[in-house]
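Notes for the one structure printed next.
The values are calculated or read from the model by the stated rules, or taken from the named source; none is laboratory data. Here the structure is a predicted model, which is why all the values come from computation and not from measurement. As a convention, Cβ positions derive from the backbone with ideal geometry for all residues, glycine included, and neighbour counts pool all protein chains shown. The accessibility values were calculated without ligands, DNA or RNA, using every heavy atom of the protein model including side chains. Shrake-Rupley method; radii C 1.70, N 1.55, O 1.52, S 1.80 Å.
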Amino acid sequence: QVQLVESGGGSVQPGGSLRLSCEASNIRFAFYTLRWYRQAPANQRELVATINPDASTNYADPVKGRFTISRDNTKNTVYLHMNNLKFEDTAVYSCYAQWITNTYWGQGTQVTVSS
């Protein structure tokens, strides 16, 4: 059974940092494109960052320069390093894996930025 399990969410003050992790099981991880999405209450789901099998990356404009996506294929894990967090980064963050027509979602982890 394929599983994506996120961890690392929590509460942080503005300007703080968090690192999210998403560990995958039972997939050929190195072949997959990996993405982090987020969804705030009453908002649509938003693509935050992408990392491809060749480790090339893309970021949504609101997080450029603050967030970094990375992957460790030896640990079947994708990370989202979030720095200089802002109130508007508050959301449920979910990881997503895609290879050809195979797609999987994690369950999500809450990130709350508050003072």
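Among the residues of segment 1-56, which ones are free of Cβ contacts under 8 Å to residues at least 60 places away in the same chain and of a type in the set (A, V, I, L, M)? The answer is Ala30, Ala40, Ala42, Leu47, Val48, Ala49, Ile51, Ala55.
If the condition is being modelled with pLDDT under 95 and open to solvent by less than 70 Å² (accessible area, probe 1.4 Å), then segment 41-81 contributes no residue at all.
Of all residues in segment 65-111, those satisfying the criterion of being farther than 12 Å from Arg38 by Cα and β-branched (Val, Ile, Thr) are Thr68, Ile69, Thr74, Thr77, Val78, Ile100, Thr101, Thr103.
For segment 6-56, give me every one of the strands (runs of 3 or more DSSP E) that falls completely inside it and has 1 or more residues that are closer than 13 Å to Arg71 by Cβ and not aliphatic (A, V, I, L, M).
On the way: elements: 10-12, 18-25, 33-39, 46-51.
Those strands (runs of 3 or more DSSP E) span 18-25, 33-39, 46-51.
Applying the set (1) touching a Gly at 6+ places or on another chain (Cβ under 9 Å); (2) open to solvent by 20 Å² or more (accessible area, probe 1.4 Å); (3) outside any loop (DSSP other than H, G, I, E, B); (4) not aromatic (Phe, Trp, Tyr) to Asn84 leaves exactly one unmet item: (3). A residue that is open to solvent by 20 Å² or more (accessible area, probe 1.4 Å), touching a strand residue (DSSP E or B) at 6+ places or on another chain (Cβ under 9 Å) and of a type in the set (Asp, Glu) occurs somewhere in segment 13-35.
May I ask you to verify whether Trp105 is on the phi < 0 side of the Ramachandran plot, among the aromatic types (Phe, Trp, Tyr) and over 14 Å from the mean Cα position of the chain (by Cα)? Before the answer, list the steps.
Numbers: on the phi < 0 side of the Ramachandran plot: yes; among the aromatic types (Phe, Trp, Tyr): yes; over 14 Å from the mean Cα position of the chain (by Cα): no.
Criteria not met by Trp105.
Note on segment 87-111: among residues that are open to solvent by 40 Å² or more (accessible area, probe 1.4 Å) and among the polar types (S, T, N, Q), the one that is nearest to Arg19 (Cα to Cα) is Gln110.
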